[in-house]
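S.K.: Input: one structure, supplied below.
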Amino acid sequence: MDDLTTAGVAETVRLTTSGEVTARAVVDAALARIGERDPALNAVSQLVADRARADADRLDAARTAGAAAGPLHGVPVVIKEELAVEGLVTTFGGEGNSTPAAADAEVVRRLRAAGAVVVATTTMPEFGAWPYTESSSRGYTRNPWDRTRTPGGSSGGTAAAVASGMVPVGMGGDGGGSIRIPSASCGLFGLKPQRGRVTSAPWDQLWWALGTAGPLARTVLDSALVYDVVRGHTDGDRWRARGTGSFAEAAGREPGRLRIGWTTRPVTLGVRPDPVHVRAVHDTARLLTDLGHDVREVDPRYPDPTAAFVPQFFGGIRDEADGVEHFSRLERRTRETYRIGSWVTPKVLEWALRQTEKVSARANRVFDDVDVLLTPAVAHRPVPVGVLDGKGTVRSALAAMPAIAYAALWNVAGNPAAAVPCGPAADGLPVGVQLVGRTDDEPTLLSLSAQVEAARPWPLVAPAYATA
C-alpha cells in the first residue's frame, strides 16, 4: 500500500494482520509523515523513533513465528505528554520535570500489550490548564485545517497529529472538554468516557472527579477499538464505572429509535454560540429525525457547575505542580494559577466533591425525558493562535469560557459525551456537535455516532494532508 495516511486503526490492523504490510513499514511511514508534517504544526514534543522501529520489528518477528496478533497490532500511536511513557520525561507540557519515566502509565502499557507502537508524545498547554495548545515552553501548536488557527486543547497536539494523518489515533485527556474541544476543532471523533471508565494509574485520580484519558480518532470504530483496550479500572483508582459490553460491537450495531433532545443554550452564562454551531445542531437534529429518531428541543435546566469545577481545577493544577522536580521552571502563568489556588485545601476539595454529586444529580434530570442530549461542542470557531499571549490566569480563564461552555459540565456530572464531526463549514474549518449520554451509556453514544457517521461521512484527514 503506497499511502497509509488515511488508514485508520481498523484498516491498519487489517493490513498488518493479513500480511499485506508489516508493522515496521507502517511505523516507518508514520515516522516519515511526522518528519514531513510536524515542523509546520508543532504537534510532537518527543519522538521515539528507535524504540518504535524496534517494537515494530518484534511484532513482525512474533507474527512470523506464529504468535497471535493483538487487537491494535502495528498501529502507530501518539501519547499526550501528561501520560508516562517509559524512557521519556513526563513533561505535562512544560519544563518542570527532567527525569525519564521508569515505567509506562497503565493505559500506555495496555496499548503496547495490544500491539500498538508508541511513536511520540504530543504537545499540550502546561498541565492541560487551557483549551488552547500553546505555552512558553512549547510555543503554538497549529490546526491542520488552517495553520493560523488553534487546534483547541488541551489535547491539541494529539488532535493535530491525528487530523494531519501523522498517525491513525492518539491518546488525550479530558478534564473540562480537552478531548472534545480539539476533536471538534480538527474534525475528529472524540469521546469523553464515563468517569472511572479508564484507569488513571499510577495516580488514583486525574483532577479529582473531573479528568479522564481517552483516544482522539478519525472514526467512531477506531475510537471504540482503542477504548476496548484501555478501559477498565485498577485497584488503586478512586472512580470506577459500571461495566458495559464491547465498545466496538456497540459501534457496529444500529442504535434503535432514540429520544433525542437538542439545545443550543450554553451552560456558561454570557457566552453566545457562533451561528455556525447553532446551524450545525439544527442540521444534525434534522438528520437524526430523518434517521427515525424522536427529536425535539428541550430545556436541560442546567445546574451551575462552578462551585464544583473551580476548586477541582485549581486542586488538580496544584497537585500536579507539587509533583514536578523543578517548580521554578514552570511558566509564569502556571505559578500564578498555583498561588491563586492556595485556598483549595483538602477540606475545600471534599466539599467540592459533594457539590459534584449534587450537580450530577441535577444535570441528569434531562435524561428523565430523553436518551441523548445534542448540543454544540464549543461556542466559538477555532481562534487564531496566540490567544493566551500576555494573559495571566484570570484573562486566560475568560478566554477559555467559549471553548468549555458546553463541555465542562459533563466532567463534573461524569457522563459520557462525544464530539461528533459535521464536516467543514464555509470558513473551511471543521464543525462538531456534542452528544451526551446517560450515566455509563457510552454504547448508545457510539451506536448513534456511527449511524451519523455513515449518513454524513466526514473527511478523514485535513485536506492539505490527505495524501503523502
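S.K.: Just checking, does region 238-245 include any residue being farther than 28 Å from A32 by Cα and either polar (S, T, N, Q) or free of Cβ contacts under 8 Å to residues at least 24 places away in the same chain (or both)?
M.R.: Looking through region 238-245, at least one residue is farther than 28 Å from A32 by Cα and either polar (S, T, N, Q) or free of Cβ contacts under 8 Å to residues at least 24 places away in the same chain (or both).
S.K.: In addition: Give region 282-291 a look and list any residue that's in a helix (DSSP H, G or I) and surrounded by fewer than 22 Cβ atoms within 10 Å (Cβ to Cβ), or say none.
M.R.: Within region 282-291, the subset in a helix (DSSP H, G or I) is 282-290.
Of everything in region 282-291, those that are in a helix (DSSP H, G or I) and surrounded by fewer than 22 Cβ atoms within 10 Å (Cβ to Cβ) turn out to be H282, D283, A285, R286, L287, T289, D290.
S.K.: Then there's this: Give me a count of the residues in region 345-368 that are in contact (Cβ under 8 Å) with a residue 12 or more places away in the chain and within 10 Å of P311 (Cβ to Cβ). Spell out the reasoning first.
M.R.: Filtering region 345-368 down to residues in contact (Cβ under 8 Å) with a residue 12 or more places away in the chain leaves 348-349, 351-353, 355-356, 358-360, 362-367.
After this cut, where a residue has to be within 10 Å of P311 (Cβ to Cβ) as well, the list is 348-349, 351-353, 355-356.
Total meeting the criteria: 7.
Residue-by-condition table, conditions (1) without any contact (Cβ under 8 Å) to a residue 60 or more places away in the chain; (2) under 18 Å from L216 (Cα atoms):
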site: A23; (1), (2): no, no
site: D38; (1), (2): no, yes
site: N42; (1), (2): no, yes
site: G87; (1), (2): yes, no
site: T99; (1), (2): no, no
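S.K.: Given region 361-468, what helices (runs of 4 or more DSSP H) lie entirely inside it while holding 3 or more residues that are within 27 Å of L258 (Cα to Cα) and open to solvent by less than 20 Å² (accessible area, probe 1.4 Å)?
M.R.: Per the criteria, 408-413, 442-455.
S.K.: Within region 138-172, which residues are within 13 Å of A217 (Cα to Cα) and either in contact with a His (Cβ under 6 Å, 6 or more places away or on another chain) or in a strand (DSSP E or B) (or both)?
M.R.: Listed by number, the residues that qualify are V169, G170, M171, G172.
S.K.: Confirm whether V21 is more than 23 Å from the chain's Cα centre (by Cα) and either buried (at least 23 other Cβ atoms within 10 Å of the Cβ) or hydrophobic (A, V, I, L, M, F, W, C) (or both).
M.R.: yes
S.K.: Kindly indicate whether T91 is of a type in the set (S, T, N, Q) and in a helix (DSSP H, G or I). Show your work before the answer.
M.R.: On the way: of a type in the set (S, T, N, Q): yes; in a helix (DSSP H, G or I): no.
Here the answer is no, as T91 does not meet what is asked.
S.K.: Right, next: For region 1-15, name all the residues that are open to solvent by 10 Å² or more (accessible area, probe 1.4 Å) and assigned to a helix (DSSP H, G or I).
M.R.: A10, E11, V13, R14
S.K.: Residue check: is G139 open to solvent by less than 10 Å² (accessible area, probe 1.4 Å) and of a type outside the set (S, T, Y)?
M.R.: no
Residues are listed down the side, and each one gets a yes or a no for (1) open to solvent by less than 10 Å² (accessible area, probe 1.4 Å); (2) touching a residue at least 60 places away in the same chain (Cβ under 8 Å):
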residue	(1), (2)
T91	no, no
R109	no, no
F127	yes, yes
D146	no, yes
T158	yes, yes
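S.K.: I need every pair where a residue in region 261-276 that is open to solvent by less than 80 Å² (accessible area, probe 1.4 Å) and part of a loop (DSSP other than H, G, I, E, B) has its Cβ under 8 Å from the Cβ of a residue that is of a type in the set (F, W, Y) and modelled with pLDDT of 95 or more, sequence separation at least 6 or different chains.
M.R.: P266/Y406; V267/Y302; V267/Y406
S.K.: For region 30-87, what are the residues that are part of a strand (DSSP E or B) and either over 29 Å from S136 (Cβ atoms) or open to solvent by 10 Å² or more (accessible area, probe 1.4 Å) (or both)? Show your work before the answer.
M.R.: Of region 30-87, the ones part of a strand (DSSP E or B) are 44-47, 76-80, 86.
Passing the criteria: V44, S45, Q46, L47, P76, E86.
S.K.: Within region 212-231, how many residues turn out to be surrounded by fewer than 24 Cβ atoms within 10 Å (Cβ to Cβ) and within 13 Å of the chain's Cα centre (by Cα)?
M.R.: 0
S.K.: Test T158 against the stated conditions and say whether it is among the β-branched types (V, I, T), in contact with a Ser or Thr (Cβ under 8 Å, 6 or more places away or on another chain) and under 21 Å from F327 (Cβ atoms). Give the steps one after another, and end with the answer.
M.R.: On the way: among the β-branched types (V, I, T): yes; in contact with a Ser or Thr (Cβ under 8 Å, 6 or more places away or on another chain): yes; under 21 Å from F327 (Cβ atoms): no.
For T158, the condition - among the β-branched types (V, I, T), in contact with a Ser or Thr (Cβ under 8 Å, 6 or more places away or on another chain) and under 21 Å from F327 (Cβ atoms) - is not met.
S.K.: Please enumerate the residues belonging to region 128-187 that are touching a Lys or Arg at 6+ places or on another chain (Cβ under 8 Å) and modelled with pLDDT under 95.
M.R.: If the condition is that a residue be touching a Lys or Arg at 6+ places or on another chain (Cβ under 8 Å) and modelled with pLDDT under 95, then S136 is the only one that fits.
S.K.: Counting only residues that are farther than 15 Å from I404 by Cβ and of a type in the set (G, A, S), which one in region 304-333 is most open to solvent (accessible area, probe 1.4 Å)?
M.R.: That would be S328.
The values are calculated or read from the model by the stated rules, or taken from the named source; none is laboratory data. Everything numeric in this text was worked out from a predicted model, so none of it was measured. Because the Cβ atoms are built from the backbone with ideal geometry, glycine has one as well, and the counts that use them run over all protein chains shown. Accessible surface areas use protein heavy atoms only, side chains included; no ligands, DNA or RNA. Shrake-Rupley method; radii C 1.70, N 1.55, O 1.52, S 1.80 Å.
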